[in-house]
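Working notes, beginning with the structure itself.
What follows is calculated from the coordinates using simple rules that are stated; it is not laboratory data. No experiment lies behind these values; they were computed from the predicted model shown. Here Cβ is always computed from backbone atoms with ideal geometry, including for glycine, and neighbour counts include all displayed protein chains.
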Amino acid sequence: MNVATPPAALKASDFASDQEVRWCPGCGDYAILKAMQKALAEWGARPERTVFVSGIGCSSRFPYYMATYGFHTIHGRAPAIATGVKLANPELDVWVVTGDGDGLSIGGNHMLHVLRRNVDLQVLLFNNEIYGLTKGQYSPTSRVGTRSPSSPQGSVEQPVSPVQFALGAGARFVARAIDTQQKHLISVLKSARSHRGAAFVEIFQNCIVYNDDVFGAFTGRDEAPRRQLFCEDGKPLLFDGGRKGLRLNVPRLSLEAVTLGEDGVGDGDILVHDARNKTLASLLAAMQPPVMPVALGVLYDDPAPTFGRGVDAAAREPARAEALNEMLRRGDTWTVTAASEIA
Amino acid sequence: MNTFTTQTAKPPEQVIGRTQLESVVVRFAGDSGDGIQVLGAKFAAATALSGNDLATFPDFPAEIRAPAGTTYGVSAFQINFGGRVIRTPGDAPDVLVAMNPAALKVELPALRSGGLLVIDTGSFSERTLRKAGYAGNPLADGSLEGYRRIEIDVSAMTLGAVKSFGLSQKDALRCKNMWTLGLVYWMYDREREATAAWLRQRFAKQPNVAEANVAAMNAGHAYGETAELSGDLVGCILPPAPIAPGLYRTVTGSEALAWGLMAGAHLAGLRLFFSSYPITPASPILHILTANREAGVETLQAEDEIAAVCAAIGGSYSGAIGVTSSSGPGIALKAEAIGLAVAAELPLVVVDTQRAGPSTGMPTKTEQSDLNLALFGRHGESPVAVLAARSPSDCFDVAVEAIRLATRYMTPVMVLSDGYIANAAQPWNIPDVSEMASFPVRFAEAGRGGDDFLPYRRDPETGARPWAPPGKAGLEHRIGGIEKGADFGHISYDPANHQRMVDERASKIAGIARDIPPQRPELGDEHGALAVVGWGSTYGPINRAVYVSRERGLDVAHIHLRHLNPFPANLGRLLAGYGRVLVAEMNSGQLVGLLRSRYLLPVEGLSKVTGQPFKIEEVQRAILERLELSA
């Protein structure tokens, strides 16, 4: 009798390839890599079913360090390639790894379409607000005034917000995490993976060489509690150790940070997070320090039909000769017989 | 499905009152809204059913709905048919059917002198004449002398024929094309049943529209039969052409290409993943494949040309055969991604339905000016295989061959078609797919453990690396566009390794020459005074011109290339055997330059870049000039 042997449980280290990791010492990418390997191990993912597809940039070296299938492609195109990978084999667990330049500048169009089509894959956008691999030019997420080799007087362009872009593109899962917060990052990665459809995760990733401490205003040891708000579905939107929370200012149709117990603010005034509420997700995504905290965690999670699921199962199998012969003979045909056969 | 039986070489029947012809060229022309393309396609189908060989050339404007009655809104359809082998839609039409003054104005110059004009006089008014740019009335001012003329008020005849069906005046006039078709059916002794069946199917939900159209067709036919004509309208008969026995249908290049991709995927044992972005004249391939999704096909209308090729590459990575398709502007956008497929060594088929360039150029007009783009249009040393289809039906075989090469050599393959081939139709001996030679793909087998698998260890015979789509344990590996170390495929900046990988990718493609048939002349001997060389859709006019020249005793051969990279191994030796070599191509001399540099032969060019295919007569004249100069 044959007994199926369940695959051995894998450890995080089983998801690490034999390649030496070559990011700069202290780069936030190390922490994300570690979190990813742990998340997959905890999930019980199979390396042979897991594919990482990346574009170009520091973050896009990611696939080389994972002991899964990996495809390091060309600048900006990972979402398009991953769409083909997933459509041709829907059984695969597909992850797109990209950065702010790769995913929102040269590849912005593909990002828009992979999200609105709702291809069942995860997009991890490592946002360090700078072009690292090309030595430090300002990026589409750089704040106004960013000094860089290509903006010596400070950049003048308005930055794009990755999570607001994703919501605008029609993404049905939008989340945010910080590279160094391992536990939280792992839980966000797992939520993204369990979401059916395109899941978009912005990860604040510190570039120690070209843009060090750019997120210091909300990641610094002193600022973190006051400036970070972790969204949890069904839980009140509280931060600063539960001392503060978010209240809806109805006349202004906006969120405001309030302190519990001050000015008559009670528990009942604090908004409860509803991950299916896109309007709330948009308001959370728009919050910026120092006036407001930064919203982290799953901002929005409202599944919808995914792309490619409606395809006939027959399309998943190679065509049969009979089906092709039948197709070629559809419509008007005529038979030519040799003259000798008539006589 | 309608099936009909016909036969070849039927003894010529003597039909009282009908003139026997070997071949005829008819051109239908009218307003974009006159249904000219439908008229032409139906006439082609009926002509094929009658056993004639044929070639068609739909020639329509870029405007979707050009203002009625304008010269730039004229849509035309040319068909050459007869009792001999037909290679082209013909040079000058013998018959011009003009449905309005603009059509007459635009198309008359092409009509051969003494040719027959069939004119719908009902469409001639002061207003329509002015719109067409006529100062006077050509029907009255003698400018049509030198042509035989049949003037019929088709509009009035059609309105009369469909009166009982209760259509609006506008809908009734839409039946004009069917009245005209009926008349032309009578002229060439064609059967009407297939068209009637098609009309009833086409307008199944509007039976009165269907019956009105059938009635209009029958009325046109009856007009031919009974009208007291002045002798100008003579019924003709064309004997069946010597066609090989088999089951036939008419096929356009787009259809044959799409079906060939499906057959190729089947023969490789793979699913077909097709991804493209809409562009003239390549879109029909997307439409046809999407309509056949049940047969192992997945299609994606991508957000842009780059995404289209990238998704196809992703499809190949996953173990399907990825195919993308476009025309020149789109192929230019795909260049970087094709380079990725070169470096990643993944199979990919890229179809270029060429159109007149540069830039937007003339989207609905044909050209062969993307040869250099196909061969060289990428950065770095990035050779790919390049194939060209010579005719609508040849698209099927070329698509199959492209998938064979792409999967056997793990490489992108460019397929060159063009706007002419894509839209033109010809009879096609339908193959039995179950009898075609298969070339099943063997994916990499699982080894002992993760890093033992060598994704860049080459097959000693083909130079191809193993194909290991995700899903198999033990074969997990990482690939990408960064240069890879031989065998392992890890990132490598080692100088000697880069040289080796560049050389190996080049010799892999060059080695395809051992896997393709040697080049043979289509017509003529393997040496002689002159060889006319072509590739792609120039096949028809070159072949006919060489055939006619040889009939006249000229020492000329026709060589036609399917494989443009690599060339067949014997091509240089073969060309060296001719006194002169003339390359006829619809560009400014791209193949000429290639042959000169490759073989150091004094190859000459015959260029045409007008957006129109070569005429037989143009090639014939060039042959004559070369041979007289050599004499």
**Spin-label model distance (nm) - B:I64 vs B:E625, 7 Å beyond Cα toward Cβ** = 4.3 nm
**Fill in**
Two pseudo-spin positions, 7 Å from Cα along C-beta at A:W43 and at B:R202, lie apart in nanometres by 5.3 nm
**Item:** Cross-link pairs beyond the 30 Å C-alpha cut-off, checked among A:K11/A:K235; B:K163/B:K365; A:K86/B:K365; A:K86/B:K334; A:K34/A:K235; A:K34/A:K86
**Value:** A:K11/A:K235; B:K163/B:K365; A:K86/B:K365
**Item:** Förster radius 60 Å - calculated FRET efficiency between B:S164 and B:V609, Cβ distance, rounded to 0.05
**Value:** 0.70
**Item:** Charge dipole of region A:138-192 about the Cα centre (unit charges at C-beta), most positive-ward option of A:P140, A:S187, A:A177
**Value:** A:S187
**Asked** If all Cα-Cα distances of region B:369-446 are sorted into 10 Å bins from 0 onward, what percent lands in each bin, rounded to whole numbers?
**Response** 15, 39, 32, 12, 2
**Request:** For region B:348-417, give the share of DSSP beta bridges that are antiparallel, in percent and rounded to the nearest 5; count only bridges with both residues there.
**Result:** 10 percent
**Complete:** Taking Lys and Arg as +1 and Asp and Glu as -1, residues besides A:N109 with C-beta under 14 Å from its C-beta add up to -1
**Request:** Output the antiparallel fraction of DSSP beta bridges having both residues in chain B, as a percent to the nearest 5.
**Result:** 35 percent
**Request:** Mind telling me which of A:N127, A:N89, A:N325 comes out most flexible in a GNM of chain A, alpha-carbon contacts under 10 Å?
**Result:** A:N325
**Prompt:** Cα convex hull of region B:437-511: how many Å³ per residue?
**Reply:** 110 Å³
**Item:** About the Cα centre, charge dipole magnitude for chain B (Lys/Arg +1, Asp/Glu -1 at Cβ), debye
**Value:** 220 debye
**Asked** Taking the simple approach of a point 7 Å from Cα along Cα-to-Cβ for both A:R116 and A:S151, what is their distance in nm?
**Response** 2.6 nm
**Request:** Quote the relative contact order of region A:49-115 in percent (integer), defining contacts as alpha-carbon pairs under 8 Å separated by 6+ residues.
**Result:** 39 percent
**Prompt:** Suppose every K and R has +1 on its Cβ and every D and E has -1 on its Cβ; what is the size of the dipole of the protein assembly as shown about the Cα centre, in Debye to the nearest 20?
**Reply:** 540 debye
**Prompt:** Which net charge results for the neighbourhood of B:T180, defined as the other residues with beta-carbon distances under 14 angstrom from its beta-carbon, given Lys and Arg at +1 and Asp and Glu at -1?
**Reply:** +1
**Item:** At R0 = 25 Å, FRET efficiency that the Cβ-Cβ distance of B:A244 and A:A321 yields, to 0.05
**Value:** 0.70
**Item:** Percentage of interatomic Cα-Cα distances in chain A larger than 33 Å
**Value:** 35 percent
**Prompt:** What size of dipole, in debye to the nearest 20, comes out for region B:30-119 about its Cα centre when the only charges are +1 on Lys and Arg C-beta atoms and -1 on Asp and Glu C-beta atoms?
**Reply:** 140 debye
**Request:** Determine the gain in length on full extension of the stretch A:D233-A:E91; use 0.36 nm per residue of separation and subtract their C-alpha separation, reporting nm with one decimal.
**Result:** 48.3 nm
**Request:** Take the Cα coordinates of the protein assembly as shown, assign each an equal point scatterer, and use the Debye formula without solvent to give log10 I(q)/I(0) at q = 0.04, 0.06, 0.07, 0.10 Å⁻¹.
**Result:** -0.25, -0.54, -0.71, -1.14
**Message:** Let me test this: with uniform point scatterers at the alpha carbons of region B:148-249, what is the Debye-based log₁₀ I(q)/I(0) at q = 0.14, 0.20, 0.23 1/Å?
**Reply:** -0.59, -0.98, -1.16
**Message:** Could you tell me the calculated FRET efficiency between A:S282 and B:D153, based on Cβ-Cβ distance and R0 = 60 angstrom, to the nearest 0.05?
**Reply:** 0.35
**Gaussian network model of chain A, springs between alpha carbon atoms under 10 Å - residue of A:P318, A:P90, A:P236 with greatest fluctuation** = A:P318
**Prompt:** Can you give me the relative contact order of chain A as a percent, contacts being Cα pairs under 8 Å and 6 or more apart?
**Reply:** 14 percent
**Message:** In the protein assembly as shown, if the dipole is taken from +1 on Lys/Arg beta carbons and -1 on Asp/Glu beta carbons about the Cα centre, which of B:A282, B:G73, B:P613 is farthest to the positive end?
**Reply:** B:A282
**Prompt:** Alpha carbon centre of region A:101-131 versus region B:87-138: separation in Å?
**Reply:** 56 Å
**For chain B: relative contact order, % (alpha-carbon pairs under 8 angstrom, 6 or more apart)** = 11 percent
**Asked** Along the charge dipole of the protein assembly as shown, which of A:L33, A:I106, B:H221 sits closest to the positive end, that is, farthest toward it, with unit charges on the beta carbon of Lys, Arg, Asp and Glu (+1, +1, -1, -1)?
**Response** A:L33
**Asked** What translational D, rounded to a whole number of µm²/s, comes out for chain B from Stokes-Einstein when the hydrodynamic radius is the Kirkwood one over Cα pairs, at 20 °C and 1.002 mPa s?
**Response** 81 µm²/s
**Request:** List the lysines whose Cα lies under 21 Å from the Cα of B:K42, skipping any in the same chain that are fewer than 8 positions away.
**Result:** B:K176, B:K205
